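Presented below is the structure to which this report refers.
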Amino acid sequence: MAAISREEVAHLARLSRLAVTEEELDTFAGQLDVILQAVAQVGEVTAADIPPTSHSVPLTNVLRDDVVTPCLTPEEALSGAPDAEEQRFRVPRILDEDVAS
Amino acid sequence: MSDLTRMTATEIAGLVAGGETSAVEVTRAHLDRIAAVDDRVHAFLHVDSAGALAAARQVDDRRAAGEQLGPLAGVPVAVKDVLATKGVPTTVGSKILQGWRPPYDATIVQRLRAAGTVMLGKTNMDEFAMGSSTEYSAYGVTHNPWDLDRIPGGSGGGSAAALAAYEAPLAIGSDTGGSIRQPGAVTGTVGAKPTYGGTSRYGLVAFSSSLDTPGPCARTVLDAALLHEVIGGHDPRDSTSIPQPVPDVVAAAKLGATGDLTGVKLGIVSEFTGEGAEPGVLAAFRESVDALTKLGAEIVEVSCPNFKYALPAYYLIAPSECSSNLARFDGVRFGLRVGDDGNRSLEEVMSLTREAGFGPEVKRRIMIGTYALSSGYYDAYYGQAQKVRTLITRDFTAAFEQVDALISPTTPFVAFPIGARTSDPYQMYLADLFTIPTNLYGGPGISVPCGLSDGLPVGLQIMAPTMADDRMYRVAAALESVVGTFTPPAL
Amino acid sequence: MTTTLPAYDEVVARYEPVIGLETHVELGTNTKMFCGCPTDFGGEPNTRVCPVCLGLPGSLPVANKAAIEATIRIGLALNCSIAEWCRFARKNYFYPDMPKNFQISQYDEPLCVDGYLDVEVNGELVRIGIERVHLEEDTGKTLHVGGATGRIHGATESLVDYNRAGIPLVEIVTKPVPGTGALAPEVAKAYVAELRDVIRSLGVSDVRMEEGSLRCDVNTSLNLPGEEWGTRTETKNVNSLRSVERAVRSEILRQASVLDAGGRIFQETRHFQEDTGDTRPGRSKETATDYRYFPEPDLVPLAPDAVWVAELKAALPELPRLHRRRLQEQWGLSELDMQSVLNAGAVELIEQTIAAGATPAAARKWWLGELSRRANETGAELSDVGATPEQVAELQGLVDAGKLNDKLARTVLEGVVAGEGSPTEVMANRNLEVVSDTGALTAAVDEAIAANPGIADKIRSGKVAAAGALVGAVMKTTRGQADAKTVRELILERLSAQG
Ligand SMILES: [Zn+2]
């Protein structure tokens, strides 16, 4: 049985903001299925008493003093912007106002 | 003067320091070499001739003014295009960053400048460091100087190839699953992945934050150690940077070069000498093991039973982190924007931009990661992979109670022909089979040339405990003192 | 379509509301949460940004110690337990005001958990449970262009300024609060007001709702007595104390009318409308957002040790509610009087005025009297009315010393508020000091007696009460600068001497 369907791949593409083509969907569906079946092997280890590792360095409380450091100039900040207006980054109209929290 | 491009970094630095040549002369020689061969190798994405010559002139001026210069002053270095360089194009091998000139320098780049090294330019890589061959670069494949029809490894194939083609004596790479060591192995050069946290990630365009480790590439172990010393050490701008001095890797390399490994106990990872590796690779590895024994090392077999889960765990953790890290490439603040025709919504423009800007491997990994982090799948995939990470760390810890360092072939196979594995992404992933456990654990690993198989280089990997990077340099230098360095056929 | 809403009293007699509040507070640190950019308000767009808060490729966050400490202090003030070990998490979603397209926040490991805040409503103490207090980063600001009213809807493009992006934001989430009945809206308001006072007393934020440094989301649900809690809605955009109260109230009424009509309440996000006082639905989403939280790999865990937490706890100020109790006793105020002080927002001003030398009664008289009246007239906050506690104390000092009478003092205050200087300066410049030169006064009194022989006769004949008219005449000629009591004595003295 396939680990992932073509529809699921289409959904993942939408979530990932990738306007994939129909042709790509076919290819990716097959490839992602192979990869996901292979990586599902991690399920073989019994996990009850094993703590997860998120960081390999044994550090805690790495903190910075509350001291101001120099900023970029607005010119530098906007230097890479595809589009700017009134010293702000310009973007096309936004559809979904709910996403902002 | 003999050919400056054939010299080691140590030799070049000595000549510059002694006034026998100038940094400008050294830089010119390398720029000439790049001009002569890089159309065939394609190691560089951007050659910064003007910047390099200016930096070289500064070194010469400082020397003339009687300033005390560092041990690598005047030595050219090629920098993987994954590090932000102020005012110099930084693409990460991706179209999505085409033309981006960062307004800041990575910490490592700052340290390279401060040490008086001369940055020649930015080297080719698999897009966002995802790949093992540079075939996934958006700007064309890099060719292995040993055989131009073969891959130079990846993701840091550009840096490794630049060394093998004598375009640069030193290079910087980044290693998330083997991207320094595997290219080192297949190009007959030295590549070291430092302890995670031992080199700063500030300014390293992130692929997988908990695994990414920048590190040195060179043609000799001592050169790699010298470069490691320059770029390593605590950086307050990276929260995961270890607040300790760099282990004395240079002294360790010098000690190893004496060829004495008496009292050193090495463990062969038995899981990595079985059917997964090519016979030619195993043969070269076995010969090196004999050589190490002759140098006085005690060698035992060590089993790391959970290493078999390293590859699947890696291909969950890295894509998951990448799916989040790469979300910022949306055509708003920097880089490419596609489809903004005044009618389309932001969401559509973002999706078109990312579709056009990312290559297929990057898209695959973003989608795998998005999947693995989804609430319904998190525990079975990402959560489980993080537990595997714990098990792998336990394997390493147990092994290092028995031995000082672990050894294995660096890669299961030598450089493969260009195009041989691109149709099956998972086959490509297997190139990192032996290098990935180290990244999951966080310890250091080095690949050092150990022989040839059918005329192509084979690498031996040495893995050490975290913050014991010096150990692997000692063993690597000892092996190098016996097997020597390897020179590819003339280009 | 208009639906008639049922009467509030009638609704809360039938339904039991459950409320919950999520409050975001921008911390007043010098720098942002994860970089050294300043947090000052009102800079030119994109002048308070760096590679980190712009989310440029390769940049990395480093947590601000002051923000961590401020959060722990808030947690301690709210009686929370402080996590011994916790991590930041990434909350992933695409939005242009979020530079990295993920927000560094905390998910299942908040810094502070399980506390409470006692608030007073109508003299009764209500304990509000605190679920969690966690730290996250703020977003940038988006300007919508081309639409009718600067709203996102109908806009043709948007412009983003990242000055605010990365400012530390503390989120305080209550447990559900049942059992408040008809008082639910007032409880919600009292909680936010109390929380604001607590945070202000800690000095970790200026908590100004109007500038957006304190923002509120209000959860409301209704259920029939004895039944399970109803489905809750989340109302966003609630940006003043009064709005908190109105939002709960209008949501209770709206939900009741839906339920009464046999409808169902959907879990949804609604937006409070400042102008109408009701809530409107946000755009509906087909699927709930999956934020794909995972531990932030670029930041190492926080592990506040016991010593550090104990130090922070030892340095906590007195809680505002207890502080107010103590002041009420010290000032000798009744419950009602204290309430009017609170309502006027005059506690600190009175405290400072007393500290500057005035008596509690005098301080309260000025702030609740003349100054409150002026604040009401101009619509200003009492603290921005134009007089400082020091000036008020100085003014009262002049009265006590007999240099000003009440009427003159009010005139002087007018000058102070108008920016003419300190009370002493205004008094001098406007020449308002009480006339105490008896020679000049005697002349004025004699003049008044001479001009009003009939009244003078009455006084001579023992009708002392008639002296008031002569006092008035004298005050008129001295332009109010005489002390009425002195004038009266002088009149009686002159008339008996002549008698
Ligand atoms: Zn910043």
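The values are calculated or read from the model by the stated rules, or taken from the named source; none is laboratory data. The model shown is predicted, which means the values in this text are computed figures rather than measured ones. Glycine gets a Cβ as well: all are built from the backbone with ideal geometry, and neighbour counts include every protein chain shown. Protein only, heavy atoms only, side chains kept; ligands, DNA and RNA dropped before computing areas. Shrake-Rupley method; radii C 1.70, N 1.55, O 1.52, S 1.80 Å.
Evaluate peptide B:385-394: per residue, the Cβ atoms of other protein chains within 10 Å of its Cβ; return the mean as an integer.
6
5 Å is the cut-off here: which amide hydrogens, built 1.01 Å from N in the peptide plane, fall below it relative to residue B:77, excluding neighbours closer than 5 in sequence?
B:118, B:119, B:120
In debye, nearest 20, what is the charge dipole magnitude of chain B about its Cα centre with +1 on Lys and Arg Cβ and -1 on Asp and Glu Cβ, if you could check?
Dipole of chain B, to the nearest 20 debye: 720 debye.
From Cα coordinates alone, what are the radius of gyration and Dmax values for the range C:318-429 in angstrom?
13.9, 44
In what sequence, largest accessible area first, do B:378, C:107 appear using a 1.4 Å probe?
I get C:107, B:378, largest accessible area first.
Run through the DSSP bridge list for the protein assembly as shown and note the antiparallel percent, rounded to the nearest 5.
Here the antiparallel bridges make up roughly 80 percent for the protein assembly as shown.
Could you list which residues have their amide H under 5 Å from that of residue B:453, counting only those 5 or more apart in sequence or on another chain, with H placed in the peptide plane?
It is B:458, by chain and number.
Pairing the Cα long axis of helix A:22-39 with the longest principal axis of chain A, what angle in degrees results, from 0 to 90 and rounded to the nearest 10?
On a 0 to 90 degree scale, this one is about 70.
Scan the range A:10-101 for GluC sites (Glu not before Pro) in coil per DSSP, keeping those whose Cβ has at most 16 other Cβ atoms within 10 Å, and list them by number.
Those that pass, being in a loop and sparsely packed, are A:86, A:97.
Given points 7 Å out from each Cα along the Cα-Cβ axis, report the residue C:342 to residue B:491 separation in nanometres with one decimal.
8.0
Work through the residues other than residue C:300 whose Cβ is under 12 Å from its Cβ and net out their charges, Lys, Arg +1 and Asp, Glu -1.
-2
Between Rg and the Kirkwood Rh of the protein assembly as shown, both from Cα atoms, what is the Rg to Rh ratio?
The Rg/Rh ratio comes out at 1.13.
Have a look at the DSSP beta bridges in the range C:197-299 and tell me what percent are antiparallel, nearest 5.
Expressed as a percentage, antiparallel bridges in the range C:197-299 total about 70.
Less than 20 Å apart at the alpha-carbon level, and either on another chain or at least 8 residues along: which lysines does that give for residue B:254?
B:193, B:265, B:294
How high is the FRET efficiency between residue C:120 and residue C:450 when r is their beta carbon distance and R₀ equals 51 Å, given to the nearest 0.05?
Efficiency, rounded to the nearest 0.05: 0.20.
Across peptide C:61-68, how many C-beta atoms of other chains are within 10 Å of each residue C-beta, on average?
If you average over the peptide's residues, the count of other-chain Cβ atoms is 5.
What number, rounded to the nearest 500 deg cm²/dmol, is the helix-based mean residue ellipticity at 222 nm of chain A, given -39500 (n - 2.57) per DSSP H run of at least four residues and division by all its residues?
The per-residue figure over chain A is -10000 deg cm²/dmol.
If you scale each eigenvalue of the Cα gyration tensor by 5 and take the root, what three semi-axes come out for the range C:209-353, rounded to whole angstrom and sorted largest first?
37, 28, 16
Please compute, for the alpha-carbon atoms of the range C:438-498, the extent along each of the three principal axes and give them in descending order in Å.
29, 20, 18
How much accessible surface does residue C:338 have with a 1.4 Å probe, in Å² rounded to 10?
Answer for residue C:338: close to 10 Å² accessible.
I'd like the carbon and sulfur percentage of the solvent accessible area for chain A, probe radius 1.4 Å, heavy atoms only, ligands and nucleic acids excluded.
Of the solvent-accessible surface of chain A, carbon and sulfur hold 54 percent.
Around residue B:45, with a cut-off of 14 angstrom between Cβ atoms, what is the net charge of the other residues, counting Lys and Arg +1 and Asp and Glu -1?
-3
In straight Cα distance, which lysines are under 27 Å from residue C:175, not counting same-chain residues fewer than 8 positions off?
The reachable lysines, counting only those whose Cα sits under 27 Å from residue C:175, are C:91, C:189, C:236, C:285, C:313.
Where does each of B:80, B:265, C:141 land when they are ordered by accessible area, with a 1.4 Å probe and the largest first?
Result, largest first: C:141, B:265, B:80.
Go through the range C:192-209 residue by residue and turn each phi into a ³J(HN,Hα) via Karplus (6.51, -1.76, 1.60, θ = phi - 60°); whole Hz please, and just put x for glycine and proline.
Computed from phi, the couplings for the range C:192-209 are 5, 5, 5, 4, 4, 5, 4, 5, 5, 5, 6, x, 9, 7, 7, 5, 9, 5 Hz.
With every protein chain in place, what's the accessible area of residue A:71 (1.4 Å probe, Å², nearest 10)?
Its accessible surface works out to 40 Å², give or take rounding.
Quick check for you: with a 1.4 Å probe and neighbouring chains kept, what is the accessible area per residue of the protein assembly as shown, in Å²?
37
Separation between the residue C:308 and residue C:40 pseudo-spin-labels, each 7 Å from Cα along Cα→Cβ, expressed in nm?
According to this spin-label approximation, the distance is 3.0 nm.
Would you please name the chymotrypsin sites (Phe, Trp or Tyr not before Pro) within the range C:219-276 that are DSSP coil residues with at most 15 other C-beta atoms within 10 Å of their C-beta?
Of the chymotrypsin sites (Phe, Trp or Tyr not before Pro), the ones in loops of the range C:219-276 whose Cβ has at most 15 other Cβ atoms within 10 Å are C:229, C:266.
Determine the sum of side-chain charges near residue B:482: Lys and Arg each +1, Asp and Glu each -1, restricted to other residues whose C-beta is under 13 angstrom from that of residue B:482.
Every neighbour counted, the sum reads -3.
If eta is 0.890 mPa s and T is 25 °C, what Stokes-Einstein diffusion coefficient results for chain C, Kirkwood Rh from Cα pairs, in µm²/s?
Translational D for this selection: 91 µm²/s.
Provide C:135, A:95 ordered by accessible surface of protein heavy atoms (probe 1.4 Å), highest first.
A:95, C:135
Dipole of the range C:158-206, Cα-centred, from +1 at each Lys and Arg C-beta and -1 at each Asp and Glu C-beta, to the nearest 20 debye?
80
If you average over every viewing direction, what projected area does the convex hull of the Cα atoms of chain B give, in nm²?
Reported value for the Cα convex hull: 22.1 nm².
Looking only at the range B:378-403, which residues have a backbone nitrogen under 19 Å from a spot 7 Å from the Cα of residue A:45 in the C-beta direction?
B:378-401
Considering the Cα trace of the range C:172-252, what is its radius of gyration and what is Dmax, both in angstroms?
Rg, Dmax (Cα atoms, Å): 13.5, 43.
How big is the Kirkwood radius of chain A, worked out from every pair of different alpha carbons and given in Å to one decimal?
This gives a value of 19.7 Å.
Going by amide H atoms built from the backbone, whose H comes under 5 Å of the H on residue B:297, apart from near neighbours?
The list, which skips near neighbours in sequence, is B:261.
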